[in-house]
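Read through the structure below, which is laid out as structure tokens, and then see the notes.
The values are calculated or read from the model by the stated rules, or taken from the named source; none is laboratory data. Note that this is a predicted model, so its numbers are computed, not measured. Cβ placement follows ideal geometry from the backbone for every residue including glycine, while neighbour counts extend to all protein chains displayed. In case anyone asks, the SASA skips ligands and DNA or RNA and just uses the protein heavy atoms, side chains included. Shrake-Rupley method; radii C 1.70, N 1.55, O 1.52, S 1.80 Å.
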Amino acid sequence: MKYLFGNWKMYLDYKQSVELANSLVQENFENENVELAVFPTALAMKDVTDILQGHFQTGSQDAGHPSKGAYTGMISAEMFKEVGCTYALAGHSERRHIFGETNKDVRAKIESYLDAGLKPVICIGETEQDKDNDKARYRLSKQILRAFEGLDFEDGQILVAYEPVWAIGTGNACLPADAVDRIVFIKSEIAKYSKISVPVLYGGSVNNDNVLSYLTLETIDGILIGSASTKLPEFTNIIKSVLK
Ligand code: 13P
């Protein structure tokens, strides 16, 4: 099974998200070996999930870790589950680096997603500075330790996305061979904490021109696409080339 996920971030408003979902569903993509999912704005989650039912799964870009109560401004994992979500990102680099989410916050989210029945997609990745200082493996191993140590989960419940911070939205994608090298390392680190094998996706400046150079490699279990998944012609072409 390969995974092809589109993170729409805050690029599309409610109306645009619904329009894109309506256009995507008309394409009738079908392939039982590829799991398709999109991560729309929370505002459009219910409508997009309803429109895409049977064609794409949906996921939340984030969720608060308390499940209910006096938490102004938050939406819980349980609430996303209620409207039909399957996945939720935990610790996307924009959450970590713009909004200051720590490994501890990310761990709390992972646990709350699992409790709610959502599948966490745990995002990890080194910064440019880490890379330049030869600290990429250190950063990844720490993020993995804090996410997985003592975590109780079952087969098929968790995915990881390797998204080097320096490759996100820059046009400077990680070379496929380097992504494989990192993902082999990530899988070996996860194996220190769990016997369950966890699919690892690559994300960062993936587009129609380079998507197959990752997805045809056995070690890379899928792709998490950002901006290219928000434009109908490009996302459609990517999906078509992957499903071929
Ligand atoms: P881009 O594909 O826009 O680089 O974003 C990647 C990403 O952050 C997906 O979560």
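Checking the conditions here, which among Ile190, Ile196 is open to solvent by less than 10 Å² (accessible area, probe 1.4 Å) and either away from the ligand (no atom under 12 Å from the Cβ) or in contact (Cβ under 8 Å) with a residue 60 or more places away in the chain (or both)?
Values: Ile196 fails: open to solvent by less than 10 Å² (accessible area, probe 1.4 Å).
Going through Ile190, Ile196 in turn, the sole match is Ile190.
Within region 72-125, track down each residue that is surrounded by fewer than 18 Cβ atoms within 10 Å (Cβ to Cβ), hydrophobic (A, V, I, L, M, F, W, C) and in a helix (DSSP H, G or I).
Listed by number, the residues that qualify are Ile98, Ala108.
Quick check on this structure: which one of Asp134, Asp155, Asp209 is within 16 Å of the ligand (Cβ to nearest atom), more than 23 Å from Pro40 (Cβ to Cβ) and loosely packed, with under 14 Cβ neighbours inside 10 Å? Break it down stepwise before answering.
Numbers: Asp134 fails: within 16 Å of the ligand (Cβ to nearest atom); Asp155 fails: within 16 Å of the ligand (Cβ to nearest atom).
Result: Asp209 is the single residue among Asp134, Asp155, Asp209 that is within 16 Å of the ligand (Cβ to nearest atom), more than 23 Å from Pro40 (Cβ to Cβ) and loosely packed, with under 14 Cβ neighbours inside 10 Å.
Output the residue which, of all residues in region 3-34 that are over 12 Å from Thr230 (Cα atoms) and within 16 Å of the ligand (Cβ to nearest atom), is surrounded by the fewest Cβ atoms within 10 Å (Cβ to Cβ).
Of all residues in region 3-34, those over 12 Å from Thr230 (Cα atoms) come to 3-4, 14-15, 22, 25-34.
So of that shortlist, the ones also within 16 Å of the ligand (Cβ to nearest atom) come out as 3-4.
Values: Tyr3: 22, Leu4: 26.
It comes out as Tyr3.
Within region 57-71, take every residue that is in a loop (DSSP other than H, G, I, E, B) and without any contact (Cβ under 8 Å) to a residue 40 or more places away in the chain and give me the one that is surrounded by the most Cβ atoms within 10 Å (Cβ to Cβ). Reasoning before the result, please.
Step one: list which residues in region 57-71 are in a loop (DSSP other than H, G, I, E, B), which gives 61-63, 65-71.
Remaining after also requiring without any contact (Cβ under 8 Å) to a residue 40 or more places away in the chain: 68-71.
Details: Lys68: 10, Gly69: 7, Ala70: 6, Tyr71: 12.
Taking the candidates together, the pick is Tyr71.
Of the residues Tyr11, Tyr71, which single one is at negative phi and more than 21 Å from the chain's Cα centre (by Cα)? Please lay out each step first, then the result.
Values: Tyr11 fails: more than 21 Å from the chain's Cα centre (by Cα).
On inspection, the qualifying residue turns out to be Tyr71.
Could you tell me which numbered condition Ser227 fails, if it satisfies all but one of (1) free of Cβ contacts under 8 Å to residues at least 60 places away in the same chain; (2) open to solvent by 10 Å² or more (accessible area, probe 1.4 Å); (3) closer than 16 Å to Ala167 by Cα?
(1)
Being near the ligand (Cβ under 9 Å from one of its atoms) and touching a residue at least 40 places away in the same chain (Cβ under 8 Å) is the filter here; which residues of region 168-183 pass it?
Answer for region 168-183, where residues must be near the ligand (Cβ under 9 Å from one of its atoms) and touching a residue at least 40 places away in the same chain (Cβ under 8 Å): Ile168, Gly169.
On the basis of being modelled with pLDDT under 95 and closer than 20 Å to Thr236 by Cα, does Asn7 make the cut? Working first, answer last.
Working: modelled with pLDDT under 95: no; closer than 20 Å to Thr236 by Cα: yes.
The answer is no for Asn7.
Cβ contacts < 8 Å: first residue in contact (Cβ under 8 Å) with a residue 60 or more places away in the chain, restricted to region 97-109; second residue part of a loop (DSSP other than H, G, I, E, B) and polar (S, T, N, Q), any location; separation 6+ or different chain. Result?
Close Cβ pairs (under 8 Å, with a partner that is part of a loop (DSSP other than H, G, I, E, B) and polar (S, T, N, Q)) amount to His97/Thr127.
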